[in-house]
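The values are calculated or read from the model by the stated rules, or taken from the named source; none is laboratory data. Model, not experiment: these values are computed from the prediction. Cβ sites come from the backbone with ideal geometry, for glycine too, and all protein chains shown count toward neighbours.
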Amino acid sequence: MFDWFKKVFVGYEKTISSNNTDNFADTLLVELKASSTSAITNALSKIEGKYMKSVLEESYFPLQSLTFVPNDVEVARTLEEFFRVHEDINPDFRKVFCKSFLQKEYFSDRGAKVIIDDKFVPIFKIDVSSLEERSEDEKYLISIKGRKILFSSHANLGNPKKDYTREAGRINVNADSELKEVKNKVVVKLLISDKDGHRSENVTLPTLIGKNPDNACIDFGITPIYIKAKYVSRHQIFIYSILDKMYYFVPDEATLTCRSGEGDIIEHGRNYSVKVSGERLYLGIPPENTRPLNANLDPAEFPVLEIQPFSHEGKVISDKTPRPTVV
């Protein structure tokens, strides 16, 4: 994990090559990611009850502040030194470091969403003197699983704002008249199972599918398709066509990947050809997950995507052998 982080500071490998520093950074990223997720989702659950679900689905809450407080004196001292050393090298170190554990968005079960501004930086309250005043039993907290909790955290959310990017650029081709208008374009039928249930969408290629495809897709003629699920990357699947052949791949920036219907892990950045009979993909799978798929996957957590190619005339292509009929 820290190998990726070190790439940001090319030329400073000797300064941060200590195994102890690497181990601390790895632990720090994991703990801060868990703590930030807990703080933000807790803040969201406290405020979302004031709004109707229809309002939540069309808006988002901006994150105003996120504060971390170390629960242990030693952690506070190490964290303070960690930031001091690296900020001497790069004044923007803290901002870059925080981006490595903060998600772009956080969701609740009711559809409420928190968006993190690109310039947002959390607050770290490193007050060693106050921590030293605690008794030996109060120096740190223990979770139910017996793991030491390194940080306490608290998040503040702003008032909801209209999410103008949610439906922008979505192109549905459902009517016959609309199919005629795009007869010279490659059309694909997508069957999606996510938190909202099951739905079918006919779209023109190329299309970018994920939790929040960039609104800039429209400027490049790319159709953004939104997936609502717990485990899905912001940019999860890109589908395109070249010379009447369809391909898909998982973008390199996606933190999660997916599995094929046969259970194979889809490699980041590799182009896969869409079979004429279609493809079934299970989204949101960790790249390192080698376990077989569970037939009882919850689409609200791990969404399912089926790709069914259309011909230029708008008919679903099939390579299946026709079933003989009785004369």
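Some points to look at:
- Of note, GLU80 does not satisfy the criterion of being in contact (Cβ under 8 Å) with a residue 40 or more places away in the chain, part of a helix (DSSP H, G or I) and over 20 Å from ASN23 (Cβ atoms).
- Selected residue (only one of ALA34, ALA39, ALA76, ALA43 is over 30 Å from ASN159 (Cα atoms) and of a type outside the set (Asp, Glu)): ALA76
- Unique residue being modelled with pLDDT of 85 or more, surrounded by fewer than 19 Cβ atoms within 10 Å (Cβ to Cβ), over 21 Å from GLN308 (Cα atoms) and more than 20 Å from the chain's Cα centre (by Cα) when the list is SER152, SER200: SER152
- Residue check for ILE123: under 17 Å from LEU32 (Cα atoms), surrounded by fewer than 18 Cβ atoms within 10 Å (Cβ to Cβ), among the hydrophobic types (A, V, I, L, M, F, W, C) and at pLDDT 80 or above: yes
- Of the residues making up the stretch 244-286, those that are among the charged types (D, E, K, R) and either surrounded by fewer than 12 Cβ atoms within 10 Å (Cβ to Cβ) or not assigned by TED's automatic domain parsing to the domain that holds ALA300 (or both) number 6.
- Unmet criterion (only one of (1) touching a strand residue (DSSP E or B) at 6+ places or on another chain (Cβ under 6 Å); (2) surrounded by 13 or more Cβ atoms within 10 Å (Cβ to Cβ); (3) at pLDDT 85 or above) for LYS95: (1)
- For ALA43: the one exception among (1) of a type in the set (Gly, Ala, Ser); (2) in a loop (DSSP other than H, G, I, E, B); (3) modelled with pLDDT of 90 or more: (2)
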